[in-house]
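Worksheet: the structure to be examined is printed underneath.
Derivation of every value follows stated rules applied to the coordinates shown; laboratory data play no part. Just so you know, these numbers come straight off a predicted model, no measurement behind them. Because the Cβ atoms are built from the backbone with ideal geometry, glycine has one as well, and the counts that use them run over all protein chains shown.
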């Protein structure tokens with residue numbers, strides 16, 4: 001079975017026991033706070049990349065504003081926790097809800113536009129969100145950021161050190177991936193993919209494409225907000241600079257390298273590209289070169305990414321391969 | 001009352017009149033052929049029927065309801081399915097998924113049900129799969145042997161069959177087929193006539209655009225002829241074959257020499 005087809009099922013879950021066991025044992029074997037910190041960040045990017053995959057991978061929408069929703073989630077949690085003393089288990093879902101409310105507003109306003117126009121509008125939103133965070137000093141403290149966010153708590157016990165955060169993000173990732181797999185393997189997920197593949201044909205099959213696209217956007221931005229809420233309580237400090245366009249592109253790169261339109265793709269991409277720069281530290285100043293070469297290599301030799309749906313990214317090679325059987329279409333009908 | 005009634009529908013693109021006061025009706029259980037030279041307005045009429053082409057003038061009644069202001073997915077919900085002249089398959093979706101997407105209107109799983117998966121979701125999916133197999137059986141083993149393959153990997157003729165299968169999975173009252181044999185070889189074309197008859201026997205009314213005269217004459221109960229956006233005639237296949245106006249529309253005026 002190709003990797004992109006992988007969907008966890010009841011019948012094959014035990015095959016993943018060793019992986020789960022390894023993930024559970026990792027923090028017990030590894031003592032280094034530094035390594036655990038990298039693992040926690042990889043976990044945050046797994047949520048961000050997997051949620052972007054819902055819009056960009058499954059539904060075929062070009063959203064370029066994911067970091068803005070991530071930031072809205074982070075700021076929501078930061079403000080609620082520092083000002084109103086709302087506990088972690090409430091700020092986390094609220095971060096998702098506020099981010100998805102913004103997502104819904106953007107979606108309702110812009111999803112009538114397609115392709116490149118949606119990309120431009122979401123980039124615009126990304127910049128506006130950054131500027132608002134930077135200038136609305138009374139709410140966000142502007143360029144000073146928000147320090148002193150209380151740590152995450154589990155059953156009243158505040159987490160200290162990365163080991164606790166590791167287990168928390170592992171549980172959160174498992175939950176988010178479970179929810180996403182439920183969605184994309186349902187009638188709703190089929191409608192997403194149908195829209196990506198051919199919107200007119202999807203409409204004539206009875207799919208109400210506009211509300212379905214809005215739903216896809218809302219779900220994706222909800223999870224981005226959740227990732228932001230977790231980030232705020234883990235870093236315990238948020239600042240607008242963490243949520244700029246380069247962050248969006250970092251997430252997008254992970255998605256493309258890992259592979260769009262599949263469940264394992266974004267997970268692999270996120271873990272790979274969080275670990276790679278750290279693992280190649282011994283290369284010192286050549287680190288960036290190696291990073292760049294690996295990205296170029298993936299795009300050239302495996303345009304669909306490590307575990308993406310073949311042909312999902314249309315390079316010239318992929319295009320001619322995909323179009324070949326329809327050469328007859330050019331004949332007079 | 002007819003299943004479909006088109007009353008003096010006119011469409012123009014800028015100064016070009018694509019349809020001029022076209023009226024016709026399709027009764028339940030019929031196979032009606034729609035023919036005419038290239039540019040006669042056949043596909044434009046299909047687009048009006050399926051909600052893709054707004055029309056300023058005229059009325060279209062489907063099962064007694066006006067579809068003039070309805071979006072394509074609402075027209076589909078009334079029981080109208082269509083195929084497209086140029087292939088519009090979902091390339092990176094499996095054959096089975098095409099059929100399940102086609103069945104979309106008969107399912108009701110939304111976001112929450114997809115997550116919670118109550119028992120009825122599993123029943124709904126099982127039923128959709130069973131329907132899919134029944135629909136695919138119409139095509140012999142051509143599609144059912146490729147159930148989990150991406151549509152991209154199918155031959156050209158099988159892609160066209162898959163589009164018909166996807167439309168049938170919606171269990172429509174009226175099926176619009178836009179040149180189902182375009183690009184098929186003569187052998188494959190012959191199978192289409194059988195297929196259309198099987199579709200009619202399922203109780204689905206068919207409106208068919210086709211250039212292949214063997215298919216049109218073999219499958220249609222009645223034929224409507226369009227030329228330059230106007231209906232020039234309609235009648236039984238044998239009448240249309242002999243109709244002077246139709247021959248002229250296709251061949252040009254007969255030169256009579258003394």
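Listed peptides A:43-51, A:163-171 appear in the order A:43-51, A:163-171 once ranked by packing, highest mean of other Cβ atoms within 10 Å at the front.
A straight chain from residue B:244 to residue B:7 at 0.36 nm per residue would run longer than the Cα-Cα distance by 82.8 nm.
With 5 Å bins beginning at zero, the pair-distance distribution over Cα atoms of chain B amounts to 1, 6, 13, 16, 18, 16, 12, 8, 5, 3, 1, 1, 0, 0, 0, 0, 0 %. For the residues of B:105-118, the average number of beta carbons from a partner chain within 10 Å of their own beta carbon is 4. With all projection directions averaged, the alpha carbon convex hull of the range A:185-226 covers 3.0 nm². Here the range B:1-76 and the range A:109-164 have alpha carbon centers that stand 50 Å from each other.
When a/c is below 1.5 the answer is rounded, else prolate if a/b is larger than b/c, else oblate, so apply that to the range A:39-82 with a ≥ b ≥ c taken from the square roots of the Cα gyration tensor eigenvalues. Oblate, because a/c is 1.5 or more while a/b does not exceed b/c. With distances taken between every two different alpha-carbon atoms, the range A:147-235 has a Kirkwood hydrodynamic radius of 15.4 Å.
For chain A, the relative contact order comes to 31 percent (Cα pairs under 8 Å, sequence separation of at least 6).
Label the protein assembly as shown by shape, choosing from rounded, prolate and oblate, from the square roots a ≥ b ≥ c of the eigenvalues of the Cα gyration tensor; if a/c is under 1.5 it is rounded, and otherwise prolate applies when a/b is larger than b/c, oblate when it is not. Prolate, because a/c is 1.5 or more and a/b exceeds b/c. Here the peptides B:156-164, A:241-249 are ranked by packing, the mean other Cβ count within 10 Å, and the order with the highest first is B:156-164, A:241-249.
The simple Förster model, with R0 at 56 Å and r as the Cβ-Cβ distance, assigns residue B:147 and residue A:282 a FRET efficiency of 0.70.
Full extension of the segment from residue A:155 to residue A:137, taken as 0.36 nm per residue of separation minus the current Cα-Cα distance, would add 3.1 nm. Cα-based radius of gyration for the range A:1-40, normalised by 2.2 N^0.38 Å, reads 1.55.
Treating the range A:31-242 as a set of equal point scatterers at the Cα positions, no solvent, please give the Debye-formula log₁₀ I(q)/I(0) at q = 0.12, 0.14, 0.15 Å⁻¹. These q points yield log10 I(q)/I(0) values of -0.62, -0.82, -0.92. Helix A:17-29 and the longest principal axis of the Cα set of chain A meet at an angle near 30°. Exposure proxy for B:86, A:59, B:189, B:135: other Cβ atoms within 10 Å of each Cβ, ordered fewest to most, give B:86, B:189, B:135, A:59.
Remark: mean inter-chain Cβ contacts per residue of A:184-195 equal 6, using a 10 Å Cβ-Cβ cutoff to other protein chain atoms.
Here the peptides B:88-95, B:240-247 are ranked by packing, the mean other Cβ count within 10 Å, and the order with the highest first is B:88-95, B:240-247.
Placing a pseudo-label 7 Å from each Cα along the Cα-to-Cβ vector at residue B:119 and residue A:13 gives an inter-label distance of 2.0 nm. The Cα atoms of the range B:132-250 cover 50, 28, 23 Å along the three principal axes, with the biggest extent listed first.
Measuring nothing but how far apart in sequence close Cα pairs (under 8 Å, 6+ apart) lie, relative to its length, the range A:125-264 scores a relative contact order of 39 percent. Once the Cβ-Cβ distance of residue B:16 and residue A:108 is raised to the sixth power relative to R0 = 45 Å, the FRET efficiency obtained is 0.80.
Computed from Cα atoms, the angle from the helix A:264-279 axis to the main principal axis of chain A rounds to 50 degrees.
Placing one equal scatterer on every Cα of the range A:27-157 and applying the Debye formula, the log10 ratio I(q)/I(0) at q = 0.19 Å⁻¹ is -1.19. Ellipsoid semi-axes for the range B:132-198, based on the Cα gyration tensor and the rule √(5λ), read 17, 16, 11 Å when sorted largest first. The range A:16-85 and the range A:165-229 have Cα centres lying 16 Å from one another. Against chain B, whose longest principal axis is taken from its Cα atoms, helix B:186-201 shows a tilt of about 70°. Legend: calculated FRET efficiency, residue A:245 to residue B:228, from the Cβ-Cβ distance at R0 = 60 Å, rounded to 0.05, equals 0.65. Model label points for residue A:299 and residue A:25, set 7 angstrom from Cα along the Cα-to-Cβ axis, are 4.0 nm apart.
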